[in-house]
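Novice: Quick one: structure below, then a few questions.
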Amino acid sequence: MKLNRNKIYIALGSNLRSFSIKNTKDFFNAIVFRLGLLGIKVKKRSGIWISNPIPFSSGPIFFNSVIECSLLFNNSLDPKDLLNKINKLEKKLGKKFKGKNKQRVIDIDIIDFHGDIYSDKLILPHPRMHSRKFVLLPLQELDKYWSHPLIRKNCIFLISKIKGNQMIKKSKMFS
């Protein structure tokens, strides 16, 4: 049985000190527009969620969102092609690699691609998503029946198994 058929989930994150919830929403809107130019239709969007950095650091808070997408125009993009397009988009938007888990203007991750499983340059489903509330809570907002392609458990179950105190809250603005 193939799970999450015809759905692509992408996580958006940003943690610039100069960003507020309003300009994060504007920034995420611009990303959605640019994804459309790449042949990716955004069907649903979660609200914006606010979280502390993981692993915990004194860095600025993160703004997070998840979008549900599909491919436009009978687009036959495979996950690696999509990843290449996303990497180019991140660079255009000013992303610079400053090290793992560091402050960044944008982080766009493919969370799930049609429920498929890959383990090459791109690992799908995203290898750490099942342990990140900042991904699972917005994803649950979009699809409470979503099931992890490998673990075969839904967001509620996965969230309940996360140890530690991952502080996250949904923004009251623009929900």
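The values are calculated or read from the model by the stated rules, or taken from the named source; none is laboratory data. Because the structure is predicted, anything quoted here is derived from the model rather than measured. Glycine gets a Cβ as well: all are built from the backbone with ideal geometry, and neighbour counts include every protein chain shown.
Novice: Quick one: is ILE159 in a strand (DSSP E or B) and among the hydrophobic types (A, V, I, L, M, F, W, C)? Walk me through how you get there before you give the answer.
Specialist: On the way: in a strand (DSSP E or B): no; among the hydrophobic types (A, V, I, L, M, F, W, C): yes.
No; evaluated as a whole, the condition is false for this residue.
Novice: In the set ASN4, ASN52, ASN23, which member is touching a Phe, Trp or Tyr at 6+ places or on another chain (Cβ under 7 Å) and modelled with pLDDT under 85? Even if it seems obvious, please write down each step before you answer.
Specialist: Numbers: ASN52 fails: touching a Phe, Trp or Tyr at 6+ places or on another chain (Cβ under 7 Å); ASN23 fails: touching a Phe, Trp or Tyr at 6+ places or on another chain (Cβ under 7 Å).
None of the others qualify; the one that does is ASN4.
Novice: Can you name the number of the only condition in (1) surrounded by fewer than 17 Cβ atoms within 10 Å (Cβ to Cβ); (2) modelled with pLDDT of 85 or more that CYS69 fails?
Specialist: The one condition CYS69 does not meet is (1).
Novice: Considering each residue of region 130-148, count those that are of a type outside the set (Lys, Arg), at pLDDT below 90 and in a loop (DSSP other than H, G, I, E, B), and give that number.
Specialist: Qualifying residue count for the region: 1.
Novice: Out of all the residues in region 85-129, which are of a type in the set (Lys, Arg), modelled with pLDDT under 85 and either outside any loop (DSSP other than H, G, I, E, B) or loosely packed, with under 12 Cβ neighbours inside 10 Å (or both)? Walk me through it before giving the result.
Specialist: Keep residues of region 85-129 that are of a type in the set (Lys, Arg), which gives 85, 88, 91-92, 95-96, 98, 100, 102, 104, 121, 128.
Applying the additional criterion that residues be modelled with pLDDT under 85 yields 95-96, 98, 100, 102, 104, 121.
LYS96, LYS98, LYS100, LYS121, listed by residue number.
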